[in-house]
Amino acid sequence: MDRIVDVLQKSILFEGKEKTEIKDILSQTEYKICNYKKNEFIFRADQPGTYVGIIIKGSIEAQKNFPSGKIISVMYRKKGEIFGGAAPILDQPHQSDVIAKENSEIILIHKNVLIDLLYKNNTFHKMLSLAATHVTQLNKKIELLSYSSIKQKIAYFLLNNNDNTTHDIIYLPYSKKSWAENLNVSRPSLCRELKTLCDDQIIEVNDKKIKILQKEKLYSLLID
């Protein structure tokens, strides 16, 4: 239980709570801890939004399925992050399938408990802010997928995930295989274009660390 409480303490739902307080809340809360194997469904699109999830171990991905059979990754979350919160709050079904990207342990908290916790902890506004952030991320994802070339998708991703304005360094939160899926391209095609960008000295790649060498050239790719 201590291991789980350590993760929950960093979550927006239990922000500012002592470990003893969290244990006390859990003792009076409707929740369940579930283990999912890689690629196993956690939520399905159109499933009622009954639970919100917090990742204790592993990572998850939300996927949008289209009538054409095309599947697009629209969200990625890792240990300690919350997911699936919009559906319970809005009392709507989930809009996407959510799967485990690796063997994962998830705590699922019932929506009634979620709303009660948000009001009691005066964190409802933070949850709404988080939901707004997720909408922004989704809009960025849609814009990313609107680009036709792989180079443009790489450029857009790097420019929009560059929080280190001083050194222009991005640390990928997942493998290149997962990154390729996120960009909706094949892994070999992604690696080929990354090599080209490195050869042109626009970026420098060292495993999951990517350094932008010529930011203006990345911007120019987006308007080609």
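The values are calculated or read from the model by the stated rules, or taken from the named source; none is laboratory data. What you are looking at is a predicted structure, and each value in this text was computed from that prediction instead of being measured. So basically every Cβ, Gly included, is an ideal-geometry build from the backbone, and we count neighbours across all protein chains shown.
At a glance:
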quantity	calculated
Number of the exception - ILE203 against (1) of a type in the set (A, V, I, L, M); (2) over 17 Å from the mean Cα position of the chain (by Cα); (3) at pLDDT below 90	(3)
Search result, residues across region 52-76 that are at pLDDT 90 or above and basic (Lys, Arg)	LYS57
Helices (runs of 4 or more DSSP H) within region 144-203 that include 2 or more residues under 21 Å from LYS101 (Cα atoms)	176-183, 187-199
Residue within region 35-46 that is within 25 Å of LEU118 (Cα to Cα) and of a type outside the set (A, V, I, L, M, F, W, C) present	yes
Those residues of region 77-98 which are touching a Lys or Arg at 6+ places or on another chain (Cβ under 7 Å) and modelled with pLDDT under 85, in sequence order	PRO88
Condition check for LYS209: more than 27 Å from LYS64 (Cβ to Cβ) and not hydrophobic (A, V, I, L, M, F, W, C)	yes
Failed criterion for GLU40 (all others in (1) in contact with a Lys or Arg (Cβ under 9 Å, 6 or more places away or on another chain); (2) surrounded by 12 or more Cβ atoms within 10 Å (Cβ to Cβ); (3) modelled with pLDDT of 90 or more hold)	(1)
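Residues checked against (1) in the same structural domain as ILE99 (by TED's automatic domain parsing); (2) surrounded by fewer than 17 Cβ atoms within 10 Å (Cβ to Cβ); (3) charged (D, E, K, R); (4) in contact (Cβ under 8 Å) with a residue 60 or more places away in the chain:
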{"residue": "GLN137", "(1), (2), (3), (4)": "yes, yes, no, yes"}
{"residue": "PHE157", "(1), (2), (3), (4)": "no, no, no, no"}
{"residue": "ASN161", "(1), (2), (3), (4)": "no, yes, no, no"}
{"residue": "CYS191", "(1), (2), (3), (4)": "no, yes, no, no"}
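This table checks each residue for (1) under 19 Å from ALA62 (Cα atoms); (2) at pLDDT below 85; (3) of a type in the set (Lys, Arg).
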position: LYS141; (1), (2), (3): yes, yes, yes
position: SER146; (1), (2), (3): yes, yes, no
position: ILE154; (1), (2), (3): no, no, no
position: PHE157; (1), (2), (3): yes, no, no
position: THR165; (1), (2), (3): no, yes, no
position: PRO173; (1), (2), (3): yes, yes, no
position: LYS176; (1), (2), (3): yes, no, yes
position: LEU183; (1), (2), (3): yes, no, no
position: PRO188; (1), (2), (3): no, no, no
